[in-house]
Each structure stands twice: as structure tokens, then as C-alpha cells.
Amino acid sequence: MTKTTKPLPWRSIPQMLRNVAQDVPDHPCISFKRGGGYLSFSYQEFYTRVLMTARGLRKAGIKPQDKVAILSENRVGWAIADMGILAARAVTVPIYATSTGHQAAFIIHHSGARIVFISNRQQYEKLLVIREQIPHVDMVISFDRFLGEKSLPVYTLYQLSETSHSITAEEQREIEAHISAINPDDLMTIIYSSGTTGEPKGVMLTHFNVAINAWSSLEHTGRTWRDGTFLSFLPLSHVLERTAGYYAVLMCGSHIAFAESINTVVENINEVKPSAMISVPRLFEKIHSRIYESVHQMTPIKRQLFHVAVKIGRAYVYRRYITRRPTALLSLQYNFFDWLIFRKIRKKFGGKLKFFISGGAPLDTTINEFMWILGIPVFEGYGLTETSPVVAVNSLRENRFGSVGRPLSQTELKLTAEGELLVKGPQVMLGYYRNNELTHQVLSDGWLHTGDTARIDEDGYLYIIDRKKEIIVTAGGKNIPPQPLENSLKLDKYISQAYIHGDRKPYLVALLTPNLERLLEYSHLHKISYLGLDDLVTNPRVLALYDERLEQFNRELAPHETIKKFVLLAREFSIEGGELTPTLKLKRKDIYSLYKNRIDALYEQTNGALFNHGGPA
């Protein structure tokens, strides 16, 4: 049984912006950092810049359903370009700023994009290298000013928009007539997969796909954000940030502030003091780790008080939000510890955060509970690029830890005999661009085959087990989802990241990256000498420490789930290193390729020790 939702009050994303700009023209819309401080556009100012961009694109020859790419980091220019493309009835093709020239060339060529928006000279250099692979590109529009080459003309967004020339009443009428002519079923965007496996696939989403998903997500979570600020730091090239952290926020007439980068999020949180954010589990893992590192430095009395507070907090959260049976005494106890401890922690995150939305990868239940205990609930959800993206999400009204919530309005779920999750609903994509064969493989009678294994409980809450293709099948025939084990490993105070391998192998092995602060503290305390990190992670006393940690970890597992051997790496997995996607998910095939020799060596050692460690790379 599915819930119904109210009809949308507009036919397209740009029509939504027009209506909100008319409703709250002077309300802050988008803020961005420049010259050490934040500057803002009101809704009317932002909408005017969008109209100017649409005017420029039409003068440049862009016609309805033409493809226009954006290769840029998050910034106000990205938002203006995207809305300008849509207002011109064209199709936005986002490209991750971290993409290589080869990756960008594939997307630009495959989509047939004629114009490419870029952020800066660095992105332009990528295009110059691949110029021969993208001969159909007529023009490059940069958000920064610099001189280009004759072989690839570059203009600024200001030049395209002719910002010194105001939009005339006639020009506005013409562009708004284009906006009114957009059909909800018109193609709005082609989003290419981040390429964790194989060649990127172009997911085709319509205006209705994205708009209904944003609208239903707002309805489902029961939040009105007009008086708050939403801090955006995940790439707008990723569908979750774009739908829920951009379009949905604009639907509320709320305020978006762009973080400078993923690396400055904590600093920007304190500057912006947001009320809501979207994140991936990695941020919450770091928050949990940093807080417990601070607790580790406390006096024994304060440390014990903190643990008592967490225990009371967990009981309070479960009674208030899960079983809905709060007691007066428990509420008094929690309020005391909230005043004494938790509110001080919240102040370090600006003091106004009401909630997070988490997606992209599973969030460990212990960490999720901890965030709720702090008074900053995390609404864990599930979705795919192919579903615009939200399929299900938790909320204050409906939450089960370990689940990804209940499905959105008009969204149906079912499981195949093998446990694969199928989804049907208004957010499901049109198909893959220029790939009918693959489209027919994943879409059948309106049902999308997600490739994820799942279960659904008696109350309709969805639990994701793992990616169907990523489940490890050992040589002994045991099926093991790696992500729950990896998430549990990351709770260890000495482990920052984990990757588990073992498909068609006799046992599981792991690549581990250390929590560097804790490891350096340990080495100092035990007077371990080392020349550098490469030397430290191969030190016998350090490896003995990780042997002990894994032995404790294995005690709670079935024999076939235990980690028999491991490699301790000297650096964390990163986007730049090729191990993580732009949304910080493990690129499993790439990790195996990068560390193949060290992983394979773990299966060649047969000296009988409980744990063995790969040698230097």
C-alpha cells in the first residue's frame, strides 16, 4: 500500500524558482564565500541572474533539449548555470570536478554537449588536453576570468549573461514563456554514474522525476526550512545534494550557503550556523571519533560522567522516538545531561543544527544513535541516481535505527526471490541515455532492479543488506556483505577506514588505515621509534596492536566472517588517490587494482599465525 501526495504546484524546476521568487523576492536565497566573508543573493537577484544566463544561452544558439555540461566545484556559478540551462529548456549534464580529462571527454562526447560551463583554469586545461575528443563543443563558459586558447574559445559567465544589460520586460516574457512551455515529462538532466564499475551510464531524469522526489521528501520528513540555512558541501553533480540540498531547499524559499570545500566544512559550519545539512557517513564517523578522542583526554570522573550521559541519552532516544513511551524521570535525566554536556557539543556545530540527512552509503547504527543522543538527529535514507534519488528515508515521526526508513509517497517496493530490491514510483528514471539494452535489463514493467539486496520488516521499514554485486562469496560458498563489517571495524579507536576482500577466497582479509592521532599517541606512549609513517605502520609493536584489536573484533563474529589477515596502510583512502568516489564511497574494484599485490600476498602466506601483514608496497 502506498501513500498519495498532493499534486505539484508547478510543472518544472525553473517554474518552481519563478514562483518562489515572486513569493519571497527579498528573502536570502544563496550565499557564497568571497574575500573572507559570505555574500548573498536574494531570491529576486538569483532569479534575475538565471534569466540573464538563459538569455545568453539562447543567443549562443542553445535550443530546447540541447545538452549543456557543467564541470565545476560547488559555487554560486554552478547554481546559476544549472537553472539558466533549464530555463532555456535545455538539459543539464553535470560532471564531477574531480573527474580526469578522459572521464570528462567520455561524458561530453556521449551526451553531445555543445557548451561546457567550468569553474576555473584548472578545469579548462583538462578540456584543452581532450580537445580533439570533443570537436562538437562550440564554447566554454568559465566562472573565473582568464585567457583561453584559439582552439577552444572561453568566455566568462558575466560575458554570456551580459550582466551590465538588464533583462528587459520583453526578454523576460520570452524566457518565461519558454519556462511555461516545459512539459513535466521533458528530459531535465543526464547524470552519469561516478564510474565505480565499468563505463559511466547516463541516467535520464525528467523535471517531474526530480520535482516530485524533492517535494515528496519534504512531505515525508515533515520539515519547513524557510527560516533556516542549509549548508551545502557535497558535490551538486551528485543527485542527492542537487535534489534534496538544492531544489528541495528552494521549494521552501529557504537559504542555501555553499561551503568552500569538503575540507573546510567544520570551519564553514561555525561561520554559517546552519539548521540542516546533507552528508555521507564519513563525516559522522569523524565527528564520533573526534568526540571520543576528546573524552579519552578527560579525567576519569568526567569520562565516567560522559558515558553515563550517553547511556541515559540512548534510553531517552529509544523511548521518545522509537517506542514512543517517554517517562518524566528519564526526560528530566536527559535534559540535565543535555544542559551539562550535549548542548556544549552542539555549539561546536554552530548551535542551530536541527538535523542531518545521510545517504550514499550505510551509516553505522552506533554512530547514528550517538548523533540522536547529541540532539542532532540523522535521517538515514536510501536511493539511487536512477530514482532521483530518494526511495526511502527516516524522519522524526518515523525512525528505526539500522533501517533506511519507509518509502516515499507513491513509491512501491518488493523483493525478488534472491532478495534484490525492486522499486516503482514517479521518481524512477526514463532510462539510460543512448543505451536501450541496459535500460531494458534494469527496467521491467515500471519496476527498477536496484542491484541491492534488502529486507522489509513488518512495519514497512527498509533495510539494505549490500550491493548485490559487492557481496563476497567465499570459496566455501558463504555469502558475506562487506559493508557492515567495514563499518564495525571503523568504530575501533585505532582504525579510520577499512576495505574487506575475500570473493572466491578461503577467508577474509582487510586493508586498514590507522586513526593517525591515536596511533601517534600510542607510539609516543610506548616509545616506538620510526623514520616516517611507512616505517611506523610496519613496526612489529604497531602490528601487534592491530592484531589484538582484530582478535577482539573477531570474537563477536561467525567463523566465516572473521578477518584472518590484514595490511596496515600509511595513508587514508582518498578521492585523489583513486580509492574513493566524489561522495566518499569505496571504489572497490579500483582499490583491489591499486593494492592487488599486497592483497594477493595475504593469501600466499601460510605460516599458521592468526594474523599476517602485507609487506611494504
Please determine whether any residue of segment 317-338 is touching a residue at least 40 places away in the same chain (Cβ under 8 Å), in contact with a strand residue (DSSP E or B) (Cβ under 7 Å, 6 or more places away or on another chain) and surrounded by 19 or more Cβ atoms within 10 Å (Cβ to Cβ). no
Condition check for residue 482: in the same structural domain as residue 541 (by TED's automatic domain parsing), within 30 Å of residue 425 (Cα to Cα) and either modelled with pLDDT of 90 or more or in contact with a Cys (Cβ under 9 Å, 6 or more places away or on another chain) (or both): yes
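Condition first: touching a residue at least 60 places away in the same chain (Cβ under 8 Å) and either of a type outside the set (Phe, Trp, Tyr) or touching a Gly at 6+ places or on another chain (Cβ under 7 Å) (or both). Now tell me which residues in segment 96-124 satisfy that. Walk me through it before giving the result.
Taking segment 96-124 and keeping what is touching a residue at least 60 places away in the same chain (Cβ under 8 Å), we get 96-98, 103, 106-107, 110-111.
Across segment 96-124, the qualifying residues are 97, 98, 103, 107, 110, 111.
A quick yes/no check of all residues on (1) assigned by TED's automatic domain parsing to the domain that holds residue 75; (2) touching a helix residue (DSSP H, G or I) at 6+ places or on another chain (Cβ under 7 Å):
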position: 202; (1), (2): no, yes
position: 209; (1), (2): no, no
position: 215; (1), (2): no, yes
position: 244; (1), (2): yes, yes
position: 250; (1), (2): yes, yes
position: 254; (1), (2): yes, no
position: 259; (1), (2): yes, yes
Within segment 2-60, work out how many residues are in a strand (DSSP E or B) and touching a His at 6+ places or on another chain (Cβ under 9 Å). 6
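In segment 275-316, which residue that is in a loop (DSSP other than H, G, I, E, B) and in contact with a strand residue (DSSP E or B) (Cβ under 8 Å, 6 or more places away or on another chain) is surrounded by the fewest Cβ atoms within 10 Å (Cβ to Cβ)?
Per the criteria, the residue is 275.
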Candidate set from segment 586-617 (those that are over 13 Å from residue 511 (Cβ atoms) and at pLDDT 50 or above); member that is farthest from the chain's Cα centre (by Cα): 606
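Residues being outside any strand (DSSP E or B) and either under 26 Å from residue 382 (Cα atoms) or of a type in the set (Asp, Glu) (or both): count how many of those fall in segment 465-477. I'd like the intermediate steps shown before the answer.
Keep residues of segment 465-477 that are outside any strand (DSSP E or B), which gives 468-471, 474-477.
Of the ones still in play, those that are also either under 26 Å from residue 382 (Cα atoms) or of a type in the set (Asp, Glu) (or both) are 468-471.
Residues in segment 465-477 being outside any strand (DSSP E or B) and either under 26 Å from residue 382 (Cα atoms) or of a type in the set (Asp, Glu) (or both): 4 in total.
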Got at least one residue in segment 65-73 being under 29 Å from residue 579 (Cα atoms), surrounded by fewer than 21 Cβ atoms within 10 Å (Cβ to Cβ) and of a type in the set (Ser, Thr, Tyr)? no
Tell me which of these residue 242 doesn't satisfy, since it passes every other one: (1) at pLDDT 95 or above; (2) over 16 Å from the mean Cα position of the chain (by Cα). (2)
How many residues are closer than 15 Å to residue 217 by Cβ and exposed (fewer than 14 other Cβ atoms within 10 Å of the Cβ) if we restrict to segment 391-448? 1
For segment 524-611, please list each of the helices (runs of 4 or more DSSP H) lying entirely inside it that holds at least 3 residues being surrounded by fewer than 15 Cβ atoms within 10 Å (Cβ to Cβ) and either out of contact with any helix residue (DSSP H, G or I) (no Cβ under 9 Å at 6 or more places or on another chain) or not hydrophobic (A, V, I, L, M, F, W, C) (or both). 540-554, 596-604
Matching residues, segment 490-514, being part of a loop (DSSP other than H, G, I, E, B) and out of contact with any Lys or Arg (no Cβ under 6 Å at 6 or more places or on another chain): 490, 491, 502, 503, 504, 505, 506
Is there any pair linking a residue in segment 456-474 that is at pLDDT 95 or above to one that is of a type in the set (Lys, Arg) and assigned to a loop (DSSP other than H, G, I, E, B), with Cβ under 6 Å and at least six apart or on different chains, and which? 461/400
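The values are calculated or read from the model by the stated rules, or taken from the named source; none is laboratory data. Predicted, not measured: the structure shown is a model, and the values here were computed from it. Virtual Cβ from ideal backbone geometry, glycine too; neighbours counted across all protein chains shown.
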